[in-house]
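Reading through the structure tokens given below for one structure.
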Amino acid sequence: MRLPQNSHLCRSTRIVMLLLCALLLAARGAAPPDASALDTGVAFARPAVAELPRATAYRIGLNTEVTGTGAQLGDLSIRAARLAVEEINAAGGINGIPLELVVRDCRSSAATALEQYRLALSEDQLTALIGPFKSAYAVGIVPEHRISALPMLIGANTATLTAQGDTNLFRMRPSDSLTAAAMAALATDRLAKQRIAIIHDSDAFGTGGAEHITSALAMRSLAPVARADYRTGTRDFDALAQTVAAARPDAVLIYATNTTDLGFLLRAIRYWKIDASIITSPSGATTVTHDVAAEAQDGIYVAMDAFLPATPQGRRFVGRFTERFGVPPDTYIAWYYDAMFMLAGVVRARGSAPQDVSAGLRATTFEGVQGAYHFDAQGEGLHDVTLVQMRGGAAQRIGMFGTGGFQPAVSE
């Protein structure tokens, strides 16, 4: 005789087994899903990707000095970029989408510049980044940027920055190797000077420029009769000027980072009556340098990025900037304006994907305020400099220097 509970267990087991068999048979006999089952039969006018929300703005980052020792230059730089954004957006933006400028303050600190660069990449959702103007800040940022796909345009001049294999890095100003060669050529070949002294900022920009000048002099079998450096932010240059004066130079070549520093340095050189031709890197032609140096700027030579009055684009930029902000622009902030228009043109033609923007920049030839940009394999965009002499705070062009050497101005 079987127990009732055992009979119950057997019936339950049989039921479970029958259910399992039914499921297996159904699985074996099931037909694969019909691909058309997902179709609605409705013909859409545009693909689904095109229905995704459009960007509300193309965001362009700007890493510059809002505060700190370089705040005057940073203020003018922001204004140049802002003017371009206003003009682009007033004309309809990029296919109807406006540009937005996203400014981060490096506070005149290399460490802060790097920190703000990292935050910009992680938080700001950028289409491109306009990076440092100064090499002192760029030397920490560029090595990290080699692993980033974001296009970055810089004004920093140190020659080695574009020699690190970064395919998304673009320099918007002439490198210091070209500027230094122009300064040495002007001193020795045009002005027939032989006793050359070098004064430079001790940062990466100044030191790199001084090394390139020294190399250019060595090619002419010359060596500096004196070389002196100073720290960014120096105001008392009397001891340095006396040291240089003791070497009796007939030319003083100055590679200066901060325009305010250079203004005080020029005043010290004039005070100590150093009887020599003075040739400076681009900061010698700036409004800020003139404001500090006053008549001490008069007569110096400057290797500039460009001579804005020489072209219609340059004259238009000077007029629009002065009209908009009530002050004239410094010569070497024009690249910020050019950078915004160049990026707008590339994004309009190719889209905003980082790889497409970088490819577009490498393929473009752009007639800007500072000249004709064409990026080579290393990302160098400009390939000559302008040489001027300062008179009453205004630059008078004396020639150009590029791969073909010195070319005098037509009016010379």
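At a glance:
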{"read-out": "Every residue from region 67-114 that is of a type in the set (Ser, Thr, Tyr) and without any contact (Cβ under 8 Å) to a residue 24 or more places away in the chain", "value": "112"}
{"read-out": "Residue in region 90-104 that is in contact with a helix residue (DSSP H, G or I) (Cβ under 7 Å, 6 or more places away or on another chain), surrounded by 15 or more Cβ atoms within 10 Å (Cβ to Cβ), modelled with pLDDT of 55 or more and of a type in the set (Lys, Arg) present", "value": "yes"}
{"read-out": "Meets criteria (surrounded by fewer than 24 Cβ atoms within 10 Å (Cβ to Cβ) and not assigned by TED's automatic domain parsing to the domain that holds residue 126) for residue 144", "value": "no"}
{"read-out": "Residue satisfying condition, being in the same structural domain as residue 298 (by TED's automatic domain parsing) and surrounded by fewer than 19 Cβ atoms within 10 Å (Cβ to Cβ), within set 252, 225, 244", "value": "225"}
{"read-out": "Residues satisfying the stated conditions in region 160-183, i.e. in contact with a strand residue (DSSP E or B) (Cβ under 9 Å, 6 or more places away or on another chain) and either in a helix (DSSP H, G or I) or surrounded by fewer than 19 Cβ atoms within 10 Å (Cβ to Cβ) (or both)", "value": "161, 162, 176, 178, 179, 180, 181, 182, 183"}
{"read-out": "Residue within region 341-353 that is more than 22 Å from residue 96 (Cβ to Cβ) and assigned by TED's automatic domain parsing to the domain that holds residue 96 present", "value": "no"}
{"read-out": "Test: residue 153 is assigned by TED's automatic domain parsing to the domain that holds residue 332 and not in a helix (DSSP H, G or I)", "value": "yes"}
{"read-out": "Region 198-235 - residue that is of a type in the set (A, V, I, L, M, F, W, C) and modelled with pLDDT under 95 and, of those, farthest from residue 263 (Cα to Cα)", "value": "204"}
{"read-out": "In region 319-364, the residues that are of a type in the set (Phe, Trp, Tyr) and touching a Phe, Trp or Tyr at 6+ places or on another chain (Cβ under 7 Å)", "value": "337"}
{"read-out": "Residue within region 111-125 that is outside any loop (DSSP other than H, G, I, E, B), outside the structural domain of residue 360 (by TED's automatic domain parsing) and basic (Lys, Arg) present", "value": "no"}
{"read-out": "Extreme residue, surrounded by the fewest Cβ atoms within 10 Å (Cβ to Cβ), among residues of region 114-137 that are closer than 16 Å to residue 336 by Cβ and in contact with a His (Cβ under 9 Å, 6 or more places away or on another chain)", "value": "129"}
{"read-out": "Some residue of region 396-412 being within 24 Å of residue 74 (Cβ to Cβ) and surrounded by 13 or more Cβ atoms within 10 Å (Cβ to Cβ)", "value": "no"}
{"read-out": "Answer residue from region 45-88, given it is surrounded by 13 or more Cβ atoms within 10 Å (Cβ to Cβ) and in a loop (DSSP other than H, G, I, E, B) and is modelled with the lowest pLDDT among those", "value": "55"}
{"read-out": "Single match in 220, 190 (criterion: free of Cβ contacts under 8 Å to residues at least 60 places away in the same chain and more than 29 Å from the chain's Cα centre (by Cα))", "value": "220"}
{"read-out": "Total residues in region 293-348, condition among the aliphatic types (A, V, I, L, M) and under 21 Å from residue 133 (Cα atoms)", "value": "14"}
{"read-out": "Which numbered condition residue 177 fails, given (1) under 29 Å from residue 218 (Cα atoms); (2) at pLDDT 95 or above; (3) of a type in the set (Ser, Thr, Tyr)", "value": "(2)"}
{"read-out": "Selection within region 381-412 - touching a Lys or Arg at 6+ places or on another chain (Cβ under 7 Å) and in a strand (DSSP E or B)", "value": "386, 388, 406"}
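The values are calculated or read from the model by the stated rules, or taken from the named source; none is laboratory data. For clarity, every value in this text was computed on a predicted model and none was experimentally measured. A quick note on method: Cβ atoms are made from the backbone with ideal geometry, for glycine too, and the neighbour counts reach across all protein chains shown.
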